[in-house]
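Input: a single structure, listed below in structure tokens.
The values are calculated or read from the model by the stated rules, or taken from the named source; none is laboratory data. No experiment lies behind these values; they were computed from the predicted model shown. Here Cβ is always computed from backbone atoms with ideal geometry, including for glycine, and neighbour counts include all displayed protein chains.
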Ligand code: FES
Ligand code: FES
């Protein structure tokens, strides 16, 4: 059954038509042309589809689009402001925190949330709380280095 | 081209040039592509492993909302078989040929509908009545057909049987490695569109040139009428070397419904549709002197194979090259089973390393010789099979530098002698000799009037860094800034290129870029041949070099002019030149080397619980010239992580009765997560390779080789338990 709904994505109201079965991930990718968020399993097991929902990280493949009406969705496309990369994005480039780049949007959204959650106190903590985001290219040590750096810069600037 | 040939080992660690696109979600992967009017396809797969389809009832599916077509063997047009593939052998059989089922998860129908949800729902309505027969399963199954020396790659030298019979010390053991699944994170996708008789396909492939040839052959259209596009790919690890049946089905569906069609494999389908690492067993016999000199090696490698598919597998391929042993015999066997076709998975052939390097470790305890010393006593100074000098080999340096960084001398030789509280500590190491190839490759390089250079080839970047290293090389060879170079790859319309596979692409493409850059400088000099206004008039290629966007005399850099000035004066927008490499090892007077490495691992095992932790791994790698140190390190780290997965986690489990893969999800098939990864140290040693035009050897696979043996050897050192099967699981350690 089709529904007409509106999502607030990256600070913009985005009306869309979809099926009641449509996940947030498929709505973003197939309806709203926001293909930065990736599908790696569609089963809640890889983290590639991570987005922020009201500031908290969620797996968009496990969320129904219809249930997200009226809530604030932030995707990888909404992270850079005025053409300036978010510090986590810049750190991922500097530390080579990816190879194929497919897990990267999910890793970065997770990292942004993790820093907000205050879970980047040590390498062990970063590793543990980033373990929901698989990277088959095995960029993990570089991902940890990128997050560690942003965490340190953040705490220094406070 | 002085810089490339200079004895410089480490290329600048510049950031990935495609980084900004990837961190903003703007890099377009095949599954991101859409078109107006695009419709979605979903596969129906067989639920038996062997037998025939008695009947298909697609009426309900066809009547479901939004459905445009249900294509089965009953209504599909006959498709030609794909072509013979260089490197890999015959193409996978074309789909929907007849009613026979050869494995669980075989594609038996493809459903096309307006939306993904509609196609998914309709696919469940396709009813299939099977006539089931008993599947042939299990690598040891006596009923399975066995192919002997299927690829003619067995090695013979001396008389291994006689030398074994008379050896002072004889070793004879068997090894087993579970099947594994490549599982690139990017779900493989095909978006196909026909414009009349022209086919455009956005495809998850590591080899656009071959994908184009395959689709052209299967659909019987000229190659020029097929375009395969893959500017970005979410990993491949070998899964994207073939043009698999699902891609052909998508193109077929697009033709039949006359709309652009998108198919994205599900994660479970990634286990059945795009190959996997074959399950393998090995029998390895060594003969040695008491002083630790190998006198004989006999190595039999057996791997699983699909019922009618082909897959070039050669577990023992490096065995003959690894050590200076006078008598060697290697044997390849493939066992035909009702399983999805295996294919290459990062480092095919590296399975043999696990056996050889475990066996040498065992021998070291038998003989009371340090494992590292034992390897040095059998060091192959020249290529042992041909007797030719290596084009480069710094394995000795890998051993020395790796051991030093690791602190190998701290190892006490007795089993279980290095405890830390409740933890048993073990040190293990392995040597690595691996193949690498340069393959024929072409490229076109041009310079425009604005001073920018453009590099175009049908190569791919699957995460390996092709965009970046091609940019760096072209900038270096043409005397430009990195920011002035644009690399366009991932398009089969561009100059033909080999796959991102076999650790070959960077060296092959790099060699072609070097050739093209030389030709381009020649083209500029040709333009100036009659130009009295140019200080370079009448100069030859050897007289000049390039720097800072200008061509100048080697002897006097003040004499020269910029590319832009030359093009402007001659009213040219652009000057282009082609380049290629066509490597010929015959007659080169040397044995082309692949990469070498030494791996050192420290493990910790909880004495009571059997918990195994890898504490750290040091990798010392000779891969010739390193084009970009930062990316190269990432490659080795990433492959080491995959090696940890292969050693401790990964196992594709085929249900022995039904042939169904029992763990085809990321929840059940475990790959390493961030918290699984220990401290990984990587160091590059050696020098530029003499056979490689740019001095580099392959890097994509060597990082996974030797990880398993180093860990298993460390486990033995800690516990006295010799594990000869992978993955190493907790029950083996209790
Ligand atoms: S796609 Fe959502 S967790 Fe994998
Ligand atoms: S960068 Fe390829 S999966 Fe993480």
| message | Quick check on my filter: what residues within the range B:666-706 are under 22 Å from the mean Cα position of the chain (by Cα), assigned to a loop (DSSP other than H, G, I, E, B) and either within 14 Å of chain A (Cβ to nearest Cβ) or within 16 Å of ligand 2 (Cβ to nearest atom) (or both)? | response | B:666, B:669, B:670, B:671, B:672, B:673, B:677, B:699, B:700, B:701
| query | Mind checking whether some residue in the range A:70-80 is more than 22 Å from residue B:16 (Cα to Cα), within 12 Å of chain B (Cβ to nearest Cβ), away from ligand 2 (no atom under 16 Å from the Cβ) and buried (at least 23 other Cβ atoms within 10 Å of the Cβ)? | reply | yes
| said: Can you tell me which condition residue B:542 does not meet? The list is (1) surrounded by fewer than 16 Cβ atoms within 10 Å (Cβ to Cβ); (2) more than 28 Å from residue B:693 (Cα to Cα), and all the others hold. | reply: (2)
| query | Restricting the search to the range B:246-261, which residues are within 26 Å of the chain's Cα centre (by Cα) and in contact (Cβ under 8 Å) with a residue 60 or more places away in the chain? | reply | B:246, B:248, B:249, B:250, B:251
| query | Mind checking whether some residue in the range B:77-84 is in a helix (DSSP H, G or I) and either modelled with pLDDT of 95 or more or within 36 Å of the chain's Cα centre (by Cα) (or both)? | reply | no
| query | Any idea which residue in the range A:86-106 is nearest to ligand 1 (Cβ to nearest atom), counting only those that are surrounded by fewer than 24 Cβ atoms within 10 Å (Cβ to Cβ) and at the interface with chain B (Cβ under 7 Å from one of its Cβ atoms)? | reply | A:93
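Look through A:44, A:36, A:40 and report the one residue that is at positive phi, outside any strand (DSSP E or B) and at the interface with chain B (Cβ under 10 Å from one of its Cβ atoms). So that I can check it myself, show each step before the final result.
Numbers: A:36 fails: at positive phi; A:40 fails: at positive phi.
Criteria check complete, one pass: A:44.
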| field | Unmet criterion (only one of (1) outside the structural domain of residue A:144 (by TED's automatic domain parsing); (2) without any contact (Cβ under 8 Å) to a residue 40 or more places away in the chain; (3) within 16 Å of ligand 1 (Cβ to nearest atom)) for residue A:15 | value | (3)
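Does the range B:27-42 contain at least one residue that is away from every other protein chain (no Cβ under 14 Å) and under 35 Å from the mean Cα position of the chain (by Cα)? Steps first, please.
Just the residues of the range B:27-42 that are away from every other protein chain (no Cβ under 14 Å), to begin with: none.
Looking through the range B:27-42, none of the residues is away from every other protein chain (no Cβ under 14 Å) and under 35 Å from the mean Cα position of the chain (by Cα).
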